[in-house]
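Enquirer: For reference, the structure I am asking about is given below.
The values are calculated or read from the model by the stated rules, or taken from the named source; none is laboratory data. Bear in mind that the values here come from a model prediction, so they are computed numbers and not experimental data. Ideal geometry is used to build each Cβ from the backbone, glycine not excepted, and the neighbour counts take in all protein chains shown. These area figures cover heavy atoms from the full protein model, side chains too; ligands, DNA and RNA do not enter into them. Shrake-Rupley method; radii C 1.70, N 1.55, O 1.52, S 1.80 Å.
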Amino acid sequence: MCADIYIYIDRSGNQHFSQRKVNDNYRLLLRSETNENPGSFKNWKEKSYSNIKIPNSKTLQNRYHDLIVQAAGKYNLEPEFIHAVITAESSYQRKAVSTAGAKGLMQLMPVTAKRFGVDDPFDPKQSIHAGALYLNKLLKEFKSKKLALAAYNAGEGTVRRYNRQIPPYPETQNYVAKVMRFYHYYKDNL
């Protein structure tokens, strides 16, 4: 049996999934295109992060490095941490758009972009600064990089609901592990 999958992210950052468009707040995340079983939503989400690698070319990393260093200084973050998030989120593609509607280098959802005053999520400076500010707020609340990343991925409300632990979602667990690998890579190689 196949089904479309819809997502709604509420004001608290909680993600809600449905096999139908419950109301106008839900957006299509994954469309079933055949009568063959495409696998579970869980498997599809796991795959969505498995193909992202450190870019071979340092051109885009270098292009945005000064903005990243500026944001890191302003929001008390390590540049390597911001580089790691950008690598996982958009692989430095400033016009990236996810199937869930996240946009730009830091893949800000529209509600998050609005929350942090972003007019143009494709503007690298706005995206990097808003993403860095959001990461700063998450780090202050959750007191660890891994939990901040889990909240960045699954929503802060979700991490709170799971007693301030990484939610048991393969997508989020894989995302946190991947970003931390990128972070350690950048600590040694940036």
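Enquirer: In region 94-159, what percent of the accessible surface is made up of carbon and sulfur (1.4 Å probe, ligands and nucleic acids excluded)?
Expert: 52
Enquirer: Net charge around Lys95, counting only other residues with Cβ within less than 15 Å of its Cβ (Lys, Arg = +1; Asp, Glu = -1)?
Expert: Spelling it out: positives minus negatives among the neighbours equals +1.
Enquirer: Too long at a 29 Å Cα-Cα cut-off: which of Lys58/Lys140; Lys21/Lys146; Lys58/Lys143; Lys140/Lys178; Lys21/Lys143; Lys21/Lys145? Don't jump to the answer; show the numbers that get you there.
Expert: Working: Lys58/Lys140 31 Å; Lys21/Lys146 32 Å; Lys58/Lys143 31 Å; Lys140/Lys178 22 Å; Lys21/Lys143 36 Å; Lys21/Lys145 34 Å.
The pairs that break the limit, which is 29 Å between Cα atoms, are Lys58/Lys140; Lys21/Lys146; Lys58/Lys143; Lys21/Lys143; Lys21/Lys145.
Enquirer: At what distance in nm do the modelled label points of Asp10 and Lys137 sit from each other, each positioned 7 Å from its Cα along Cα→Cβ?
Expert: 1.7
Enquirer: What FRET efficiency comes out for Ser144 versus Asn189 if R0 is 22 angstrom and r is the Cβ-Cβ distance? Round to the nearest 0.05.
Expert: 0.45
Enquirer: Another one. Round to the nearest 0.05 the FRET efficiency obtained for Lys74 and Asp119 when R0 = 22 Å and r is the Cβ-Cβ distance. Display every interim value, and only then the final one.
Expert: Details: r = 18 Å, r/R0 = 0.84.
After rounding to 0.05, the efficiency reads 0.75.
Enquirer: Computed FRET efficiency, Cβ-Cβ of Met180 and Asn25, R0 25 Å: what is it to the nearest 0.05?
Expert: E between Met180 and Asn25, to the nearest 0.05, is 0.20.
Enquirer: For region 85-190, what is the accessible area per residue in Å² when the probe is 1.4 Å?
Expert: Numbers: 4690 Å² over 106 residues.
I get 44 Å² per residue for region 85-190.
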